[in-house]
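Below is one structure, written out as structure tokens, with a few remarks after it.
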Amino acid sequence: MKIGIEAQRIFREKRFGMDVVSIELIKQLQIIDQENEYFIFVRPGENKKGIDFSKPNFHFVEFTAMTYIDWEQIFLPHYAKKYKLDILHLTNNTAPIFCKTPMVLTLHDIIFFESFDLFKSNTSFYQNWGNFYRKIIVPRIIYNMREVITVSNFEKNVIENKFNLKDKKVKRIYNGVSEIFFQPVSEDRIAQLNEKYNIKNDYFVFLGNLNPKKNLVGVLSAFHKFKQTDNKNIRLVITNLDHSSLQKISGELLISEVVKDIILTDYLDSSEMSVLLKSTLALLNPSLRESFGIPVLEGFASEVPVITSKITSLHEISQGAAIEVDPYNFNEIAEAMTSVATDEKLRHELIEKGARRVKDFSWYSTAQEYLEIYKSIGSQKK
């Protein structure tokens, strides 16, 4: 078969959730499938880190366009036709409206239907416009897909109910976790990262951004509450957040004094994140809404405690291997932080549970399940 995979953003400088999923899927398909021919469609970019270009049956097709819309709606169907694809796999929630090639859609979530404002002040116009685009496109393409894949049973139920897809079953395929988080990290690498960001004390890690679902407000409020107890030397490390945003939000919460105990880092790729996690007291992931929760698995694989939410998909992924809290209750988050910081026995129990739970997930298994779907669609054409 000739299989196309849309992976538009994997060459960009900063890679986030869906980009990571696309790269890991491609890497595993390169290992397990030498029979089929793959065409990976991407926008040009400088960041080729982690991509293997040596496999003869994998072709990376770079092309540009004025916007995301014409890239996906005009040029992508053109290239699918040009290469006479048997299947086109769309990995980023949307798909061309007009395309004759049989399509598979990975619909990671439909959070963009749940709250929408094109001019939200706490997210960029680009992000808000992307959500608007998805809200318009997804109802127009979802019924045309040969397969719709999502990443948790929680999100599967949400999608089926939203689009009345009980008669056209949505398939759940779990994400995995990068092998780099299982690997030991040298003391030298830890020391280098600590020196770079002036980390001298025990710390929690929060993967921060301004998306409201990540619950930055709740985490800052919880950390302020936590610092009111006898935890003067413990810091909070927040990744990928700028100082002005931190100052603004902490000021609005009337907790500006907590800023002195917060360390901000640049964007960290997986190799740097694996170093940061190895020495943390716990990874904080009390999100308000997630379809999966890759950071939870990264914490488990790094053998550190995880504090996450008891709602949406996160309970499904954690299965009791993390401390699960009400993310809307910052006092409860603060209590969990205190427990992890002061109870060594609890820390060891969480680390052991996380190490067992993370074994249930792998990108290899993810790729195997996708390959079975490709083969099933291919067999229907014969």
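The values are calculated or read from the model by the stated rules, or taken from the named source; none is laboratory data. The shown structure was predicted, so the numbers you read here are calculated from the model rather than taken from an experiment. Glycine also receives a Cβ, built like all others from the backbone with ideal geometry; neighbour counts cover every protein chain displayed. Keep in mind that these areas ignore ligands, DNA and RNA; they rest on the heavy atoms of the full protein, side chains included. Shrake-Rupley method; radii C 1.70, N 1.55, O 1.52, S 1.80 Å.
About the Cα centre of the chain, how large is the charge dipole given +1 on each Lys and Arg Cβ and -1 on each Asp and Glu Cβ? Please answer in debye to the nearest 20. Write down the numbers at each step before the final one.
Working: 49 positive and 48 negative charges, 259 e Å.
In total the dipole reaches around 1240 debye.
Each part gets one Cα centre, and for segment 28-92 versus segment 266-342 those centres are 33 Å apart. Note: segment 314-377, Cα convex hull, 96 Å³ per residue. On C-alpha positions alone, give me the angle between the axis of helix 330-342 and the longest principal axis of the chain, in degrees, nearest 10. Approximately 70 degrees, to the nearest ten. Sparse packing (at most 11 other Cβ atoms within 10 Å of the Cβ) combined with a DSSP loop state is found for the following chymotrypsin sites (Phe, Trp or Tyr not before Pro) in segment 20-104: Phe53, Phe98.
A DSSP coil position with no more than 14 other Cβ atoms inside 10 Å describes the following chymotrypsin sites (Phe, Trp or Tyr not before Pro) in segment 205-285: Tyr267.
Using 0.36 nm per residue, how much length does the chain from Ile97 to Tyr267 gain when fully extended, once their Cα-Cα distance is taken away?
Numbers: separation 170, 0.36 × 170 = 61.20 nm, distance 3.42 nm.
Separation in residues times 0.36 nm, less the Cα-Cα distance, equals 57.8 nm.
Measure off, as a whole percent, the carbon and sulfur share of the 1.4 Å-probe accessible area of the chain, all protein chains present. About 51 percent, which is the carbon plus sulfur part of the accessible surface. In the chain, Cα pairs under 8 Å separated by at least six residues give a relative contact order of 15 percent.
Between the residues Ala282, Leu76, Val296, the greatest Cα displacement towards the positive end of the dipole of the chain, with unit charges on the Cβ of Lys, Arg, Asp and Glu, is found for Leu76. The radius of gyration of the Cα set in segment 1-146, together with its Dmax, comes out at 15.3, 49 angstrom. What FRET efficiency comes out for the pair Ile31/Gln127, r = Cβ-Cβ distance, R0 = 35 Å, nearest 0.05? Efficiency for this residue pair is about 0.55. Heavy-atom accessible surface of the chain, averaged per residue, reaches 46 Å², computed with a 1.4 Å probe. Helix 243-252 and the longest principal axis of the C-alpha atoms of the chain enclose an angle of approximately 60°. Between Phe60 and Phe75, residue separation times 0.36 nm minus the direct Cα-Cα distance comes to 3.9 nm.
For segment 9-51, what does the convex hull of the Cα positions come to per residue, in cubic angstrom? Could the numbers behind the result be given before it?
Values: hull volume 2.9 nm³, N = 43.
About 67 Å³ per residue, rounded to a whole number.
Charged neighbours of Met66, selected by a Cβ distance under 15 Å, balance to -1 (K, R count +1; D, E count -1). Candidate cross-link partners of Lys232 among the lysines, defined by an alpha-carbon separation under 16 Å and a same-chain spacing of 8 or more, comprise Lys200, Lys260. One chain, two ends: Lys375 and Asn233. Fully extended at 0.36 nm per residue, the span grows by 45.6 nm beyond their Cα-Cα distance. Between Asp202 and Asn331, take the C-beta separation as r, use R0 = 22 Å, and let me know the FRET efficiency to the nearest 0.05. Here the calculated transfer efficiency is 0.55. With coordinates expressed along the principal axes, the C-alpha atoms belonging to the chain extend over 68, 43, 39 Å, beginning with the largest. Relative to the globular-protein estimate of 2.2 N^0.38 Å, the Cα radius of gyration of segment 213-254 stands at 1.18. D by Stokes-Einstein for segment 236-346, Kirkwood Rh over Cα pairs, 37 °C, 0.692 mPa s: 220 µm²/s. Taking 30 Å as R0, compute the FRET efficiency from the Cβ-Cβ separation of Ser339 and Glu252 and round it to 0.05. Efficiency, from the Cβ-Cβ distance: 0.60. Helix 344-357 axis versus longest C-alpha principal axis of the chain: approximately 10°, rounded to the nearest ten.
Mean separation of Cα pairs under 8 Å and 6+ residues apart, divided by the residue count of segment 122-240: what relative contact order is that in percent?
On the way: 74 pairs, mean separation 27.7, N = 119.
Relative contact order comes out at 23 percent.
Kindly list the residues of segment 310-337 that lie in the label zone of Arg356, defined by a backbone N under 17 Å from the point 7 Å along the Cα-to-C-beta vector. Within reach of a label on Arg356, which here means backbone N under 17 Å from a point 7 Å along Cα→Cβ, segment 310-337 contributes 316-324.
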